[in-house]
Amino acid sequence: MDNSSASWENVRRGCVRTLTVVAVAVAALIPAGISGAAAAATSRPGLSGLPAIPAPYLTWYKDAARTCHGLSWEVIAGIGTMESDNGRSTARGVHYSKNRKGAEGPMQFEPATFAEYAVRADRSRKPSPYDPEDAIFSAARMLCSDGGGSARGLKGAIFAYNHARWYVRDVLAIAARYTAAAAMERRHTSHPRPAHRRRAGHRRRG
(Lines give C-alpha, C1' and ligand atoms only; values in the text may rest on other atoms or scores of the structure.)
Protein backbone atom coordinates (compact mmCIF):
# COMPACT_ATOMS: atom_id res chain seq x y z
CA MET A 1 0.00 0.00 0.00
CA ASP A 2 1.05 3.61 -0.51
CA ASN A 3 -0.19 6.94 0.78
CA SER A 4 0.21 9.48 -1.98
CA SER A 5 -2.83 11.56 -1.14
CA ALA A 6 -1.90 14.89 0.35
CA SER A 7 -5.37 15.25 1.83
CA TRP A 8 -4.68 12.98 4.78
CA GLU A 9 -1.63 14.93 5.97
CA ASN A 10 -3.67 17.36 8.06
CA VAL A 11 -5.62 14.46 9.53
CA ARG A 12 -2.39 12.70 10.44
CA ARG A 13 -1.00 15.79 12.15
CA GLY A 14 -4.16 16.13 14.20
CA CYS A 15 -3.91 12.51 15.26
CA VAL A 16 -0.33 12.92 16.41
CA ARG A 17 -1.39 15.75 18.71
CA THR A 18 -3.99 13.53 20.35
CA LEU A 19 -1.97 10.34 20.75
CA THR A 20 -1.46 10.79 24.49
CA VAL A 21 -5.20 10.77 25.17
CA VAL A 22 -6.01 8.12 22.56
CA ALA A 23 -4.06 5.23 24.08
CA VAL A 24 -6.88 4.17 26.41
CA ALA A 25 -9.41 4.34 23.58
CA VAL A 26 -7.22 2.17 21.38
CA ALA A 27 -7.08 -0.48 24.09
CA ALA A 28 -10.87 -0.48 24.15
CA LEU A 29 -11.05 -0.61 20.37
CA ILE A 30 -9.03 -3.76 19.74
CA PRO A 31 -11.39 -6.41 21.16
CA ALA A 32 -14.37 -7.52 19.08
CA GLY A 33 -17.76 -5.93 19.58
CA ILE A 34 -16.99 -2.37 18.56
CA SER A 35 -18.60 -2.72 15.13
CA GLY A 36 -22.09 -2.08 16.49
CA ALA A 37 -21.36 1.62 17.12
CA ALA A 38 -24.01 4.11 16.11
CA ALA A 39 -23.74 5.33 12.52
CA ALA A 40 -24.72 8.87 13.45
CA ALA A 41 -21.49 9.29 15.38
CA THR A 42 -19.40 9.52 12.24
CA SER A 43 -21.90 10.55 9.59
CA ARG A 44 -21.82 14.09 10.89
CA PRO A 45 -18.83 16.31 11.71
CA GLY A 46 -17.62 17.45 15.09
CA LEU A 47 -17.92 14.44 17.36
CA SER A 48 -14.71 12.73 16.22
CA GLY A 49 -12.85 15.93 15.38
CA LEU A 50 -12.48 14.53 11.86
CA PRO A 51 -14.46 15.23 8.68
CA ALA A 52 -17.70 13.27 8.54
CA ILE A 53 -17.55 9.92 6.78
CA PRO A 54 -19.85 9.94 3.74
CA ALA A 55 -22.90 7.78 4.44
CA PRO A 56 -22.21 5.20 1.69
CA TYR A 57 -18.64 4.75 2.91
CA LEU A 58 -19.81 4.30 6.49
CA THR A 59 -22.24 1.60 5.40
CA TRP A 60 -19.53 -0.19 3.41
CA TYR A 61 -17.05 0.00 6.30
CA LYS A 62 -19.57 -1.56 8.66
CA ASP A 63 -20.70 -4.23 6.22
CA ALA A 64 -17.10 -5.11 5.34
CA ALA A 65 -16.15 -5.43 9.01
CA ARG A 66 -18.91 -8.02 9.48
CA THR A 67 -17.10 -10.30 7.04
CA CYS A 68 -14.22 -10.69 9.50
CA HIS A 69 -15.01 -11.63 13.08
CA GLY A 70 -13.20 -9.30 15.48
CA LEU A 71 -12.29 -6.63 12.91
CA SER A 72 -13.86 -3.26 13.71
CA TRP A 73 -15.23 -0.96 11.07
CA GLU A 74 -13.36 1.90 12.71
CA VAL A 75 -10.03 0.35 11.72
CA ILE A 76 -11.12 0.00 8.09
CA ALA A 77 -12.38 3.59 8.23
CA GLY A 78 -9.06 4.68 9.69
CA ILE A 79 -7.29 3.23 6.67
CA GLY A 80 -9.83 4.79 4.30
CA THR A 81 -9.31 8.14 5.97
CA MET A 82 -5.55 7.89 5.66
CA GLU A 83 -5.55 6.69 2.07
CA SER A 84 -8.11 8.97 0.43
CA ASP A 85 -10.07 10.94 3.04
CA ASN A 86 -12.86 8.40 2.53
CA GLY A 87 -12.93 8.93 -1.20
CA ARG A 88 -12.89 12.71 -1.12
CA SER A 89 -9.29 13.11 -2.23
CA THR A 90 -8.74 14.31 -5.78
CA ALA A 91 -5.14 13.11 -5.85
CA ARG A 92 -3.94 11.06 -8.79
CA GLY A 93 -4.59 7.37 -8.28
CA VAL A 94 -7.69 7.69 -6.13
CA HIS A 95 -10.37 7.89 -8.82
CA TYR A 96 -8.30 7.27 -11.93
CA SER A 97 -4.86 6.16 -13.10
CA LYS A 98 -2.14 5.31 -10.56
CA ASN A 99 -0.10 7.35 -8.15
CA ARG A 100 3.68 7.61 -8.51
CA LYS A 101 4.15 4.28 -6.70
CA GLY A 102 1.45 2.43 -8.60
CA ALA A 103 -1.35 2.42 -6.02
CA GLU A 104 -4.95 2.62 -7.19
CA GLY A 105 -8.36 3.53 -5.81
CA PRO A 106 -9.71 4.98 -2.55
CA MET A 107 -8.01 2.25 -0.50
CA GLN A 108 -4.75 2.60 -2.52
CA PHE A 109 -4.17 -0.98 -3.59
CA GLU A 110 -1.19 -2.01 -5.64
CA PRO A 111 -2.49 -4.00 -8.64
CA ALA A 112 -0.97 -7.33 -7.57
CA THR A 113 -2.31 -6.99 -4.04
CA PHE A 114 -5.80 -6.11 -5.23
CA ALA A 115 -5.76 -9.10 -7.59
CA GLU A 116 -4.97 -11.35 -4.62
CA TYR A 117 -7.66 -10.04 -2.28
CA ALA A 118 -10.25 -8.61 -4.68
CA VAL A 119 -13.88 -8.86 -3.60
CA ARG A 120 -16.58 -8.33 -6.19
CA ALA A 121 -19.35 -6.47 -4.36
CA ASP A 122 -21.49 -6.31 -7.50
CA ARG A 123 -21.64 -9.75 -9.09
CA SER A 124 -22.66 -8.28 -12.45
CA ARG A 125 -19.23 -6.79 -13.16
CA LYS A 126 -15.54 -7.32 -12.58
CA PRO A 127 -14.03 -6.07 -9.31
CA SER A 128 -12.24 -2.74 -9.52
CA PRO A 129 -9.92 -0.99 -7.06
CA TYR A 130 -11.59 2.28 -8.08
CA ASP A 131 -15.00 1.03 -6.98
CA PRO A 132 -15.11 2.07 -3.31
CA GLU A 133 -17.31 -0.82 -2.23
CA ASP A 134 -15.03 -3.39 -3.90
CA ALA A 135 -11.97 -1.66 -2.47
CA ILE A 136 -13.32 -1.53 1.09
CA PHE A 137 -14.41 -5.17 1.14
CA SER A 138 -11.07 -6.16 -0.38
CA ALA A 139 -9.23 -4.20 2.32
CA ALA A 140 -11.23 -6.01 4.99
CA ARG A 141 -10.35 -9.34 3.41
CA MET A 142 -6.66 -8.46 3.37
CA LEU A 143 -6.68 -7.25 6.97
CA CYS A 144 -8.50 -10.39 8.07
CA SER A 145 -6.07 -12.71 6.29
CA ASP A 146 -3.19 -10.93 8.03
CA GLY A 147 -4.71 -11.38 11.49
CA GLY A 148 -6.70 -8.16 11.81
CA GLY A 149 -9.59 -9.94 13.51
CA SER A 150 -7.62 -10.51 16.71
CA ALA A 151 -6.16 -8.15 19.26
CA ARG A 152 -2.79 -9.84 18.92
CA GLY A 153 -2.73 -9.60 15.14
CA LEU A 154 -4.31 -6.21 14.50
CA LYS A 155 -1.18 -4.07 14.50
CA GLY A 156 0.62 -6.57 12.31
CA ALA A 157 -2.27 -6.58 9.84
CA ILE A 158 -2.20 -2.79 9.57
CA PHE A 159 1.57 -2.89 9.17
CA ALA A 160 1.16 -5.41 6.35
CA TYR A 161 -1.21 -2.98 4.65
CA ASN A 162 1.43 -0.26 4.72
CA HIS A 163 4.90 -1.05 6.02
CA ALA A 164 5.37 1.91 8.36
CA ARG A 165 5.15 2.10 12.14
CA TRP A 166 3.76 5.64 12.02
CA TYR A 167 1.00 4.36 9.72
CA VAL A 168 -0.09 1.76 12.27
CA ARG A 169 -0.05 4.38 15.01
CA ASP A 170 -2.06 6.91 13.03
CA VAL A 171 -4.65 4.43 11.75
CA LEU A 172 -5.30 3.26 15.32
CA ALA A 173 -5.48 6.86 16.52
CA ILE A 174 -8.08 7.74 13.89
CA ALA A 175 -10.01 4.55 14.61
CA ALA A 176 -10.02 5.34 18.32
CA ARG A 177 -11.42 8.80 17.65
CA TYR A 178 -14.25 7.30 15.60
CA THR A 179 -14.92 4.83 18.42
CA ALA A 180 -14.96 7.58 21.05
CA ALA A 181 -17.30 9.65 18.89
CA ALA A 182 -19.67 6.70 18.52
CA ALA A 183 -19.68 6.17 22.30
CA MET A 184 -20.36 9.86 22.85
CA GLU A 185 -23.27 9.73 20.42
CA ARG A 186 -24.73 6.68 22.18
CA ARG A 187 -24.55 8.42 25.55
CA HIS A 188 -26.14 11.52 24.10
CA THR A 189 -28.93 9.46 22.52
CA SER A 190 -29.51 7.37 25.65
CA HIS A 191 -29.64 10.38 27.96
CA PRO A 192 -31.10 13.29 26.02
CA ARG A 193 -31.17 16.63 27.74
CA PRO A 194 -34.62 17.55 29.04
CA ALA A 195 -36.35 20.32 27.19
CA HIS A 196 -36.47 23.58 29.11
CA ARG A 197 -39.94 24.87 29.74
CA ARG A 198 -40.51 28.51 29.18
CA ARG A 199 -42.00 30.25 32.14
CA ALA A 200 -45.21 32.03 31.51
CA GLY A 201 -44.73 35.77 31.61
CA HIS A 202 -46.75 38.05 33.91
CA ARG A 203 -48.62 40.78 32.19
CA ARG A 204 -48.65 44.13 33.88
CA ARG A 205 -52.05 45.69 34.31
CA GLY A 206 -52.40 49.10 32.95
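The values are calculated or read from the model by the stated rules, or taken from the named source; none is laboratory data. None of the values given here were measured: they were computed from a predicted structure. Methodologically, a virtual Cβ is constructed for each residue, glycine included, from the backbone with ideal geometry; neighbour enumeration extends over all protein chains shown.
Side notes on the structure shown:
- Remark: pairs (first residue in the stretch 119-145, free of Cβ contacts under 8 Å to residues at least 40 places away in the same chain; second residue surrounded by 18 or more Cβ atoms within 10 Å (Cβ to Cβ) and β-branched (Val, Ile, Thr); Cβ separation under 8 Å; 6+ apart in sequence or on different chains) = Pro127/Val119; Asp134/Val119; Ser138/Val119; Met142/Thr113.
- Note on the stretch 117-170: residues that are of a type in the set (Asp, Glu), at pLDDT 95 or above and under 26 Å from Arg92 (Cβ atoms) amount to 4.
- When residues of the stretch 139-156 are limited to those that are within 14 Å of Glu74 (Cβ to Cβ) and in contact with a Cys (Cβ under 8 Å, 6 or more places away or on another chain), the one surrounded by the most Cβ atoms within 10 Å (Cβ to Cβ): Ala140
- Residue in the stretch 109-119 that is under 18 Å from the mean Cα position of the chain (by Cα) and either buried (at least 19 other Cβ atoms within 10 Å of the Cβ) or aliphatic (A, V, I, L, M) (or both) present: yes
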